[in-house]
Each structure stands twice: as C-alpha cells, then as structure tokens.
1. Pull up the stretch A:272-331, narrow it to residues that are within 14 Å of another protein chain (Cβ to nearest Cβ) and without any contact (Cβ under 8 Å) to a residue 24 or more places away in the chain, then point me to the one that is surrounded by the fewest Cβ atoms within 10 Å (Cβ to Cβ).
2. What about residue A:377, is it buried (at least 19 other Cβ atoms within 10 Å of the Cβ), more than 9 Å from every other protein chain (Cβ to nearest Cβ) and out of contact with any strand residue (DSSP E or B) (no Cβ under 9 Å at 6 or more places or on another chain)?
3. What number goes with the only condition from (1) buried (at least 21 other Cβ atoms within 10 Å of the Cβ); (2) within 7 Å of another protein chain (Cβ to nearest Cβ) that residue A:188 does not pass?
4. Going by what's in this entry, would residue A:211 be described as more than 9 Å from every other protein chain (Cβ to nearest Cβ), assigned to a loop (DSSP other than H, G, I, E, B) and closer than 23 Å to residue A:130 by Cβ?
5. Hey, among B:432, B:386, B:425, which residue is modelled with pLDDT under 95, within 16 Å of the chain's Cα centre (by Cα) and either within 26 Å of residue B:340 (Cα to Cα) or within 9 Å of chain A (Cβ to nearest Cβ) (or both)?
6. Sort through B:5, B:54, B:74 and tell me the only one that's within 30 Å of residue B:407 (Cβ to Cβ), surrounded by fewer than 21 Cβ atoms within 10 Å (Cβ to Cβ) and either at pLDDT 95 or above or within 25 Å of the chain's Cα centre (by Cα) (or both).
7. Based on this model, can you work out whether residue A:40 counts as surrounded by 15 or more Cβ atoms within 10 Å (Cβ to Cβ), more than 30 Å from residue A:405 (Cα to Cα) and at pLDDT 95 or above?
8. Tell me, yes or no, whether the stretch A:436-446 has at least one residue that is modelled with pLDDT of 95 or more, touching a strand residue (DSSP E or B) at 6+ places or on another chain (Cβ under 6 Å), under 23 Å from residue B:195 (Cβ atoms) and within 10 Å of another protein chain (Cβ to nearest Cβ).
C-alpha cells in the first residue's frame with residue numbers, strides 16, 4: 001500500500017511471547033490465539049490490509065482490562081482495544097502485533113439517571129442495545145453512526161452520524177468517562193455535572209484518541225427526551241449547489257433540523273434500485289424534524305419554503321412512522337445499495353468535513369475527480385455539518401483501480417484541508433488518515449506527540465495509530 | 001489565607017530583571033512597570049489577595065505575544081495572560097512575579113462567515129463588542145457569563161452563563177483556536193469544519209486551561225441566527241425543590257429553553273429592593289424562550305403547565321422586548337443587588353455544578369450552612385445545568401467572617417463533589433479551587449500534571465494555577 005501510513009514498528013517477539021504466557025495464566029480460556037479469531041479482530045471495512053494481533057483477550061471487567069494493561073506494560077507489548085470492529089481506517093490493526101482486548105463482554109448498563117438525562121454504561125454496550133434498554137423511559141441516545149457500534153468505540157473515534165446537526169457528536173455527548181491508562185491506573189474524567197471548569201478537559205482528550213492514550217471502561221452519556229413528534233421530508237434539487245444553499249438558509253434561519261442528508265445523483269440512483277423507490281434521479285435532501293406536533297409542522301413548512309426558493313422540487317413531508325421509516329431505511333441502506341450497484345467490488349467509504357459554504361464546490365470537484373478516474377463512488381453527506389462520504393467501489397485485487405482510488409482519496413483529503421476543513425469528520429484517523437495529520441495540524445501534531453509520549457512513554461497503547469512519534 | 005492554595009513558587013529575580021530589560025528594548029512604551037497598573041493587572045473579584053506581576057506588556061499582534069513568550073522562555077520567567085480582569089479565582093495573580101501580557105489591544109474581528117455560522121476574532125474582543133459588530137448580520141454569539149469579558153478569557157476559563165442550557169458553554173462554541181505555546185511555536189487547533197475526528201482534541205484541551213498551556217491569539221466561534229421571537233416568563237415556587245422539579249420535567253419533555261434561572265428567597269428579596277420590583281419573596285424561576293412566534297408561545301404554555309403541576313404560582317409570560325429586558329436586567333443586576341443588600345461588604349460569588357437531581361438538596365444544605373454561619377449569601381443558579389452561585393458577602397478585613405466564609409465555600413465544594421458534581425461549573429480553578437483538583441480528579445490530576453510538564457516543562461505559563469506539579 002503506497003499511501004496507508006503503516007509505521008515501521010518493530011515486533012517485540014520476546015515480550016509478546018512472555019506476555020501471552022502470563023496473560024494465559026490469568027485469563028485461561030478468555031485468552032485466544034486461534035488464527036480465525038485473530039483475523040476477525042484485525043478485520044475492518046477498509047482498503048488497508050489486515051495486521052493481526054498475536055492474541056485476543058476477552059475482558060469482562062475493568063479489573064480484566066487493568067490486568068491486561070499491567071501485563072502488557074511489564075513486557076512492553078502493544079494493546080489494541082476492540083469493540084464491534086466497524087472502524088474504517090485500520091483502527092484495530094496490530095502493526096507490531098500484541099494483544100487485542102475485546103470489550104464486548106463489558107456490556108452492562110450501569111445506571112440510568114432519568115432526572116439528570118444521563119446514563120452510565122460499559123464500553124461494550126452498543127447504541128441499539130442502549131436504546132432498546134431505554135425504550136420505556138421516554139429517553140433516547142441520539143448519536144447514530146450507521147453501524148450498530150459499541151459506545152466505547154464510538155467515543156474512542158469521536159463518532160457522529162446523521163443527527164449530529166441537532167444533537168452533536170460523541171464529543172458533545174460524553175459527560176465523563178473512566179479509562180485505564182498505560183500504567184494501569186484508572187482515571188475517571190469527571191462526575192455527572194453537565195458542565196465543569198475544573199481543569200483540563202480529559203474527557204474530550206480521551207474521546208477521539210482511538211485507544212492511543214487509554215482504554216475506556218465506562219462512559220456517562222447524555223440522554224434526550226424522545227420527541228413528541230418526528231417527521232421526515234425530501235426535496236430534489238437541480239444540482240448539489242442548490243441543495244447546499246437550501247441547507248445554509250435553513251441553518252441560518254434557525255430551523256432545528258434533526259437530520260439533513262444530501263445524496264448525489266448516483267447515490268439516489270443506487271438507493272432507488274436497491275430499495276425499490278422512484279425518487280427523481282437528481283441531488284436529494286432528506287430531512288427529519290423533531291419537536292411538538294405543531295413545531296415539526298412549522299419546521300417542515302419553513303423548510304419547504306426555503307427549498308422552493310432554492311429551486312427544490314418534489315418537496316414531500318411525511319409524518320406517519322411507516323413512511324418516515326421507509327425513507328430513512330433507504331438512507332441507512334445506502335452503503336448496501338452502493339455495493340449492490342457495483343457487483344464484484346467492495347465499497348470503501350472515506351469522509352471529510354468542510355465549512356458548509358465550501359461544501360457544494362468540494363462535492364462537485366470530488367464527483368468530477370471520481371468520474372475522471374473511471375471510478376464509481378456515490379456521495380452521501382451529513383450536509384448540515386459540511387460532512388460527506390464518498391463510497392468508492394473497487395476490487396482490492398485490481399492494483400490499478402486501487403491506485404486510482406487511493407489517489408482520489410488523497411486529493412479529497414487535501415481538497416478538504418485547502419477549504420479549511422478536516423481530513424476526517426467522523427471516521428477517525430487510524431492508520432489510513434495518519435499521513436494527513438501533519439498537514440492538517442502543523443505544529444499541533446507535535447503537541448499531540450508530546451501528549452502521547454507523556455501519557456504512554458512506552459507506546460504500548462494502540463501504537464502506529466493517530467499520532468506519529470518519530 | 002488558610003485555604004487559597006497559593007503554591008510556594010520561588011521568584012527568579014535575575015531572570016525577571018533580564019527579561020524586563022530585553023522586553024523593554026522590544027516593546028518600548030508598550031511595556032509598563034508602574035505600581036498602579038501592575039495592581040490593576042492582578043486585581044480580580046476574589047477574596048484571594050493580589051500578587052502583582054513585575055511588568056505588563058500590551059500586546060497588539062500575535063508576533064508581540066510570540067516575542068514576549070520567547071523572551072520569558074529564554075529567562076524562565078512567568079507569563080500571565082490578561083483579558084478584562086473579570087476572573088473570580090485569582091486567575092491573573094502572579095505568585096512568582098513575571099510578566100502580565102494584556103491582550104485587550106488584540107481586538108480585531110478577523111472574519112465573519114455568515115454562511116458557515118462562524119466568526120474568527122482576536123482574544124481581546126469582548127462578547128458585547130462581537131454582538132454589536134454582528135447586529136446587522138442577523139447572527140449572534142450566545143455565551144453570556146454576565147461580565148463583558150474578553151472572548152479569549154472566556155475560552156481560557158471555559159466560561160458559560162445563563163443560556164448554556166440551550167447553547168452550551170465555551171467548550172461547545174469554540175470551533176478552533178490559535179495559541180502561542182511555551183516554546184513560542186504557534187498552534188492552530190483546527191480549521192473551520194463543524195466537526196472533526198482528526199486526532200486529539202487540542203481545541204478542548206486549551207479551552208479551560210486558563211493560560212497554563214499556551215496563550216490564545218485567535219478564536220473561531222460558532223454563531224447562531226437571532227431567533228425570530230424571544231419571550232420571558234417567571235414563576236414562583238413554595239420551595240427550591242419544587243422549582244427544581246419543574247426544571248427537571250421541562251428538560252425531560254424537551255422544551256428547548258434558552259435560559260432557566262433560579263433565585264432563592266434572599267436573592268429575590270435583594271433584586272426586588274435593588275430593581276424596584278415586587279416579585280413574591282419565595283424561590284423564583286426566570287425563563288427565556290427562543291424560536292418562532294408560535295414555538296415560543298407553545299414553549300411558554302407547556303412550561304406554565306409544568307410549573308402549575310409542581311406547585312408554581314404567579315406564572316407570567318412576557319413577549320414585549322421592554323418587559324423581557326426589565327426582567328433580565330434585574331437578573332443581570334443581581335450581583336449589584338446582593339452587594340447593595342450588604343452595605344460595607346464585598347460579594348464573592350463561588351460556583352459549583354451538580355447533577356440536577358441533586359440540585360435542590362445541594363442548594364438547601366448550602367442555604368442552611370450559610371445561615372448557620374451568620375453569613376449573607378443569596379443563591380442564584382443556572383438551574384437547567386445544575387450550576388449555581390452562592391454570593392457570600394463579607395468584609396475581607398474581618399478575619400473571623402472571612403474564615404467562616406472560606407469554611408462555607410470549602411464545604412460547598414466538597415458537597416458538590418460528594419453529589420457527583422464539580423467544584424466549579426464555570427468560574428474556573430485559578431488559585432482558589434486548586435486544592436480540590438486532586439479530590440475531584442484523583443489520578444486524573446496526575447495526568448493533567450503530566451500534560452502540563454510535557455507542554456510547558458519550565459512552568460512559565462501562568463504558574464501556580466489549575467494544576468499542582470509537586
């Protein structure tokens with residue numbers, strides 16, 4: 001792989017062998033070294049080749065995590081946290097081998113505080129499991145990255161998704177967390193107060209650190225009352241620019257949209273074919289409104305007027321749950337729709353985020369670049385945030401196609417950075433985006449490296465990801 | 001002072017003298033050493049005695065900041081950033097002397113990006129100056145800590161205020177920032193994308209670090225469309241608990257309140273006397289709603305129903321700007337009202353934040369403690385966040401009164417921590433709250449110290465604040 005920044009990390013063979021022996025004494029059957037299991041723990045939806053850990057520990061308690069960290073620290077052996085394996089940039093690869101620590105067994109919902117609108121969970125709880133658990137409380141956790149990811153993994157990658165425009169990202173919705181640090185000490189980054197000015201924001205430092213500073217063993221998350229009413233709407237636009245203009249006007253006028261998603265023409269075509277819909281094959285905005293019945297009606301009406309002003313057509317507003325679900329299911333199935341449209345190929349979603357004023361230009365240039373390079377890669381975006389995905393389809397065995405796709409992805413990241421954006425809005429850095437960190441952050445990359453060295457001097461926590469130490 | 005944690009820091013006399021000499025060559029008249037000016041730059045609204053810097057540099061450009069940092073770093077001399085001097089916990093004191101860097105001259109509004117709902121400013125711009133500048137754009141910056149503080153200072157202390165319940169705090173509203181680090185390098189923590197998963201969150205690390213990691217020289221802030229309609233409401237309650245219960249129900253039901261403030265009985269009495277109002281002298285909630293005219297009407301109606309259910313009386317809803325302003329002016333004048341109610345004394349506001357389910361209990365115990373210690377200290381709170389202030393009035397020359405007040409403040413911080421809260425919701429740590437950091441953060445305090453050492457190994461950036469290094 002020319003472009004994935006796979007750091008040349010030496011394997012500490014002796015340390016790994018010793019650590020596994022000691023871990024086996026402690027964990028017995030909860031330590032596995034079978035090939036298939038190790039492969040599964042390095043596999044993610046990425047074009048980056050897998051790099052297997054040497055063993056997998058199935059942690060069930062915080063003490064299991066501490067013991068694993070203690071042993072790995074003693075032997076200077078890498079430790080790579082693993083949730084549901086839905087990371088997109090090689091986050092669970094083991095470039096220097098080491099121990100994958102599977103946190104799915106830590107799946108308790110510790111406490112729901114309905115009055116405080118918060119919940120404390122273990123890291124292996126998935127967002128769907130949490131929302132199932134909350135169903136009878138009238139509360140929900142909104143962050144939805146698409147995959148049914150673990151909440152620990154979502155915090156570690158600072159995930160977001162379709163409704164970040166209204167509810168924020170994991171950055172905004174983790175109240176505090178507990179992490180096992182590289183020296184096996186346990187840090188609780190805060191209580192349950194909604195806000196605090198008490199010192200450095202360790203919560204936000206660990207959220208998004210992708211397991212390179214510590215392993216999250218508990219999270220307190222914000223909850224929200226389930227809105228009394230929800231409705232969905234769609235509108236088609238002659239071009240991406242008109243759709244973006246409508247979004248900008250709607251944001252400026254303060255319509256509190258819960259979701260506003262853009263699909264480009266190719267995306268709509270793929271979704272139509274897959275979900276048996278007949279939406280006009282031109283750029284589409286798909287929206288959701290939350291509030292009281294009167295408020296969602298007003299929001300939809302106001303948005304409809306803005307859409308019309310910007311050249312939108314076919315504005316349709318649906319309030320019935322089944323209609324709303326049908327539309328949003330089509331959106332959520334977009335990944336599968338895109339894969340189905342490119343038989344024999346895999347879809348590799350990449351993501352960037354730019355100021356919304358630059359979004360139309362960024363999408364248009366990216367569409368052109370994809371086409372000019374004879375690739376298929378529909379664009380779908382969380383347009384209220386300026387965040388979009390190009391899901392480039394390719395056969396990883398086709399070296400030429402892969403090289404063209406990588407070049408397109410690289411230009412996309414550079415394009416976003418040139419527009420005052422970021423190389424990743426929500427997927428994270430992992431190995432895949434590491435090479436952009438110095439371009440994006442300049443001297444800030446050195447500050448990150450200084451923090452990593454101060455907290456993890458032996459570089460045992462998910463080495464080869466996010467920061468570059470050399 | 002028994003309780004203020006004034007670290008024993010040695011003065012580097014030789015370094016300070018040399019640094020001042022070199023700074024004078026560079027800055028000429030922009031460097032001042034007069035007693036009155038130095039006193040003014042150490043003075044804040046706090047019971048902590050002033051500790052003067054040895055000189056004040058008036059910076060006008062980022063290059064001025066860099067040059068000051070370079071010279072101070074060369075001579076290992078402390079550098080203390082200064083905005084409007086409204087910090088409450090000794091944040092601008094110079095416990096080891098050194099150079100106060102006054103950033104009020106850096107007051108340019110660099111760029112308004114109306115389409116992206118963001119603005120880039122220099123740190124000396126005050127929140128009122130920003131909102132005056134934005135007036136014709138239809139946009140505003142919501143964070144309002146009461147004082148007309150500088151935006152750099154607000155970011156440095158992670159300030160918030162009355163409308164954080166709707167718009168968040170400085171944590172949520174700084175998109176990115178530029179800081180001069182202790183080695184005089186310049187770090188830009190991000191672009192203008194709304195969200196990013198690209199590495200450690202340096203923005204949130206520097207927000208709230210109170211000048212101990214770097215000096216903010218530019219900020220990009222989120223803006224919001226001015227709501228089409230705003231209205232205010234008040235309701236009285238038989239006790240603090242009923243008022244808190246109404247708040248909890250309103251939050252759970254998703255009423256998007258822009259402000260919800262609690263005044264205890266003594267607070268209402270002080271405000272009545274000062275602002276010539278005749279509100280019932282019992283616990284009061286004061287609210288503001290933002291939205292469309294129909295939406296604010298619905299919000300007020302829904303809140304009115306909840307208030308009645310919780311025993312609230314005298315619910316009054318006002319939409320006229322002058323009525324709204326009259327109510328909110330009374331709230332904003334509360335500090336002066338409290339001072340006026342205690343002639344010959346100063347008011348020292350302290351703040352804590354707890355989960356809202358514990359708020360009533362925390363307020364009631366604090367009221368009792370204040371009374372039992374023969375002190376006067378009305379309580380006013382940002383109740384939607386669980387954040388409240390006790391403004392204890394005292395004569396600092398009265399050693400006995402001061403000791404009783406300090407003991408009350410200490411018990412308040414400990415009470416908040418015991419309730420899973422924080423020792424400061426929005427005022428910051430400075431010197432005044434430093435002794436609670438280990439209690440609140442445990443091993444997290446060591447992580448903060450490790451970060452401080454890694455970034456500022458010579459401890460020149462606002463030493464003696466926030467973190468304890470020994």
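1. A:301
2. Answer is no for this residue.
3. For residue A:188, the failing item is (1).
4. Here the answer is yes, as residue A:211 does meet what is asked.
5. Working: B:386 fails: modelled with pLDDT under 95; B:425 fails: modelled with pLDDT under 95.
Unique residue meeting the criteria: B:432.
6. Numbers: B:54 fails: within 30 Å of residue B:407 (Cβ to Cβ); B:74 fails: within 30 Å of residue B:407 (Cβ to Cβ).
The unique qualifying residue is B:5.
7. Considered against the rule, which asks whether it is surrounded by 15 or more Cβ atoms within 10 Å (Cβ to Cβ), more than 30 Å from residue A:405 (Cα to Cα) and at pLDDT 95 or above, residue A:40 comes out as no.
8. Yes, that holds for at least one residue.
The values are calculated or read from the model by the stated rules, or taken from the named source; none is laboratory data. Computed from a predicted structure; not experimentally measured. Heads up, the Cβs are rebuilt from the backbone with ideal geometry, glycines too, and the neighbour counts pull from every protein chain shown.
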